[in-house]
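None of the figures in this text is laboratory data; all of them are computed from the coordinates on show. Fair warning: this is a prediction, and the values are worked out from it, not measured in the lab. For neighbour counting, all protein chains shown are included, and Cβ atoms are generated from backbone atoms with ideal geometry for every residue, glycine included.
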Amino acid sequence: MGNYVALTKPRIIELLLVTTVPVMFLAERGVPSLWLIVATLVGGTLSAGAANTFNCVYDRDIDALMDRTKNRPMVTGEISPRAGVVFGLVLTVVSTAWFVAFVNVASALLSLAAIVLYAVFYTMILKRRTPQNIVWGGVAGCMPTLIGWSAVTGTVGWPAVILFLVIFFWTPPHYWPLSMAFKDDYANAHVPMLPVERGAIAVARQIVAYSWVMVAVSLALVPVADMGWIYLIAALVSGGLFIGEAHRLLHLAKQGAATKVLKPMRLFHFSITYVTLLFLAVAIDPLVHLAI
């Protein structure tokens, strides 16, 4: 059972769920029903698990070439490709049925779209073909914001779209530092991640650009969703720190610093802190609304 759980990439699922529940609080402008939260989290976990399972099955050849992924169950042979596909299909069917039965049809369709976007659009089409793979392929990771909103309202509203865009612009400066740290792994597997195809300076410049746009978009939520001081301060402070980390990376890259000096994983880890703090503020602001 542990190997099947590993296929679903639980750590990634945790991050996806962090962006789901706060949006539900915002959509409700308060605390949604506990059952709806639980039902949405269960459905989201199953859905993300399905997408990640298909990814592990399809990428088993390149995972075998990378130190970071060589011990995954599909690589070691502990789970066969056929069993992996069946497991992914079961999770897809169950997650979709769960959303229809216990949340709503809109969330079910968005959940199914997220699976297809990640398993097909990113994994099968983009990942091995373009250095911009994580940019457009990252759309799948933005879907929890829409799912969280639709779970409460049955529709997709502009605040959810804004938060969707925040995650869209957050994904490259989140993932590219990881790719910089494991550049040799990706190169060995012939995966054209941006750090493999371009130098550290070029990558850092794009990270800085995306970081600025991400913060600007996050501030757009204030007028669109009538956010208060709690969210505004959180967005400004955490966003400012994020931009500072991005510029630190660019500064060191321009100096020709080696990877161990660049410490790209520092930005990677902070990006997780950033999105956690920002979405925590999204949840708290409607509860303790201090009007601007």
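Structure data summary
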quantity	calculated
Peptide ranges 76-89, 210-223, 235-248, 36-49 listed from the most packed, as the mean C-beta count within 10 angstrom indicates	36-49, 210-223, 235-248, 76-89
Cβ charges +1 (Lys, Arg) and -1 (Asp, Glu), total dipole of the chain, debye	680 debye
Residues of region 171-190 with amide N under 20 Å of the 7 Å Cα→Cβ point at K70	179-190
Within region 1-155: Cβ-based charge dipole about Cα centre, in debye rounded to nearest 20 (Lys, Arg +1; Asp, Glu -1)	260 debye
Residue (of A97, A83, L36) at the positive-pole extreme of region 1-155, dipole from beta-carbon charges	A83
Difference of contour (0.36 nm per residue) and Cα-Cα distance, H251 to D184	21.9 nm
Burial ranking of peptide ranges 157-164, 278-285 (average Cβ count within 10 Å, highest at the top)	278-285, 157-164
Option label - percent of Cα pairs over 24 Å apart computed here, alternatives [x] 52; [y] 61; [z] 65	[x]
Vicinal HN-Hα couplings computed from phi for region 247-263 (Karplus, 6.51 cos²θ - 1.76 cosθ + 1.60; Hz; Gly/Pro x)	5, 4, 4, 5, 4, 5, 5, 5, 7, x, 5, 6, 4, 5, 8, 4, 6
Highest-fluctuation residue, V261, V57, V93 considered, GNM on the chain with Cα pairs under 10 Å	V261
Distance-filtered residues of region 199-235 - backbone nitrogen under 20 Å, label point 7 angstrom along I284 Cα→Cβ	215, 218-223, 225-235
Linear extension gain, V120 paired with V31, 0.36 nm per residue minus alpha-carbon span	28.5 nm
T153/K260 FRET efficiency (R0 41 Å; Cβ-Cβ; nearest 0.05)	0.30
Full-stretch length increase - A101, R11 - with 0.36 nm per residue and alpha-carbon distance subtracted	29.7 nm
Per-peptide average of other Cβ atoms within 10 Å, ordering 2-10, 134-142, 268-276 highest first	134-142, 268-276, 2-10
